[in-house]
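Rule-based calculations on the coordinates, nothing more; no lab input. Here the structure is a predicted model, which is why all the values come from computation and not from measurement. Because the Cβ atoms are built from the backbone with ideal geometry, glycine has one as well, and the counts that use them run over all protein chains shown.
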Ligand code: NAD
């Protein structure tokens, strides 16, 4: 772990195994931090903020962030290989995620010297009033295992650009890339103690989220954990950004370009073996084209190539760990018990190259009744539910009949309808005639049980800054 610029195993002596989901073998271990280690990291981050980091000007912070982006690019192959080995995501995707992470640091580097307040005319010039945009202090950044470094970049880039210090906790299931990334921090020129990394599982949750020196928590993960963090943060009213799960609708209208829509829908859910928060896991298809779309989707899904995530030609790797495999298969079984019509997939994938790994067949369930459990709950695996609808009102009603509200897609060539439906959908993200496209300048986040707060874009800076008002009697 990285605490105050020193690499340490912590005080507890316990280590956790990291598994390669393609071989099921242990390929690394990480320290399980103790509460004392966490307290120490927060205390150092606090001291560094007070005594040093808040006096560093924006230009210098920008230079460090740009250098960090360069270093990520220089080390992209190694970082991508670690993530693909640790969580099973295919190498082409993890490589592109490293490019995304680097762009993220560069983008926010541009903001570091532009955090300006304003002047406010008061009382006919008798009073002079201005605002200062200030960092919050220590931010705790907690990430999930599915995309460790891009998820971290979404948080760390704006947090550092705005002048905060941080304590990072990656998922215990995929911490190794974050630790490798930690080696770049000092090389980029950040003073010791600005970026700290602790590892371990939820046992250190409270120590991270109920410490009064913490001024901000940004969390990416599941709903039950989010609830625990919000309760724990309540003691000191620590503000929490939550980036949680989804059950995102992808709606194809009869007038859409079918090939583009089907390609987008399949990539939108089966990318990363379905383990993305924005997975378009409910495909809503207008009745007139329903049979044709089901046929095209099933045909495409049959062609998805499963295999070693480090192989350049593999299109879908294993799911990330044993618990994921068991959970996904159990949800498919429950769907079967509830009468689901499985058109393709539905089992653990087998085959000579797949036996050692946690592979799930890409699965398509057709004619889905929206009330089925599998159509309501996040699977976080390669499972697509296809649901027919009659008209626009019907599509919007089905799309919104979920407690989640993260992403959505609409495929239509009717411009007016596209904009109308975009306004009606209860989600933080709407893609029109595309799906899963991402840009660091576009805000990212959810509504309802998908969480609140925004990452990326200037909105993310607001999560890591506060405004101070200064009033002077002339
Ligand atoms: P998780 O909630 O189990 O774990 C997330 C992180 O929280 C891990 O680092 C974990 O160690 C930590 N944690 C566990 N207990 C804690 C506690 N009591 N206090 C503080 N931290 C604690 O989630 P996961 O299984 O790692 O990730 C899967 C979930 O993440 C899915 O629901 C997925 O949709 C969501 N996700 C959301 C986004 C997004 O941007 N919206 C992105 C990726 C994943």
*Report the antiparallel proportion of the DSSP beta bridges in region 275-386 as a percent, rounded to a multiple of 5.*
40
*When averaged across all projection directions, what area in nm² does the alpha-carbon convex hull of region 207-352 cover?*
12.4
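In terms of the Cα gyration tensor, with a ≥ b ≥ c the square roots of its eigenvalues, is region 23-83 rounded because a/c is under 1.5, prolate because a/b exceeds b/c, or oblate? Spell out each step's value before the answer.
Values: a/c = 6.56, a/b = 1.23, b/c = 5.33.
Cα axes put region 23-83 in the oblate bin.
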_Alpha-carbon centroid distance for the pair region 337-390 / region 97-146, whole angstrom_ = 43
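For region 285-439, what value does the Rg/Rh ratio take when both radii are computed over Cα atoms and Rh is the Kirkwood radius, given to two decimals?
0.98
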_Nearest 10 degrees is fine. How inclined is helix 76-87 to the longest principal axis of the chain, computing both from alpha carbons?_
60
*What does the convex hull of the alpha-carbon atoms of region 420-474 project to on average, in nm²?*
6.5
_On C-alpha positions alone, give me the angle between the axis of helix 258-270 and the longest principal axis of the chain, in degrees, nearest 10._
60
_Relative contact order for the chain, counting Cα pairs under 8 Å that sit 6 or more residues apart, in percent_ = 19
*Going highest first, how would you order 374-383, 347-356 by mean Cβ packing within 10 Å?*
374-383, 347-356
*List the residues of region 433-474 whose backbone N lies under 17 Å from a point placed 7 Å from the Cα of residue 129 along the Cα-to-Cβ direction.*
467-474
_I need the peptides 232-239, 185-192 ranked by packing, meaning the mean over residues of other C-beta atoms within 10 angstrom, with the highest value on top._
185-192, 232-239
*Pull up the DSSP beta bridges for region 119-220 and report the antiparallel fraction as a percent, rounded to 5.*
25
*How far is helix 148-161 tilted off the main Cα axis of the chain, in degrees rounded to 10, range 0 to 90?*
30
*asked:* Given Cα positions, please report Rg to Rh for the chain, the hydrodynamic radius being the Kirkwood one.
replied: 1.00
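In what order do 145, 27, 411 fall by count of nearby beta-carbon atoms within 10 Å, going from fewest to most?
Final ranking by Cβ density, sparse to dense: 27, 145, 411.
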_Residue-averaged [θ]222 nm for the chain, counting only DSSP H segments that reach four residues, each worth -39500 (n - 2.57)_ = -12000 deg cm²/dmol
*Does region 360-446 come out rounded, prolate or oblate by the C-alpha gyration tensor, with a ≥ b ≥ c the root eigenvalues, rounded set by a/c under 1.5 and, if not, prolate when a/b is larger than b/c and oblate if not?*
oblate
*Quick one: give the max-minus-min coordinate of the C-alpha atoms of region 92-248 along each principal axis, largest first, in Å.*
60, 39, 35
*Just the number, please: percent antiparallel of the DSSP beta bridges in the chain, rounded to the nearest 5.*
45
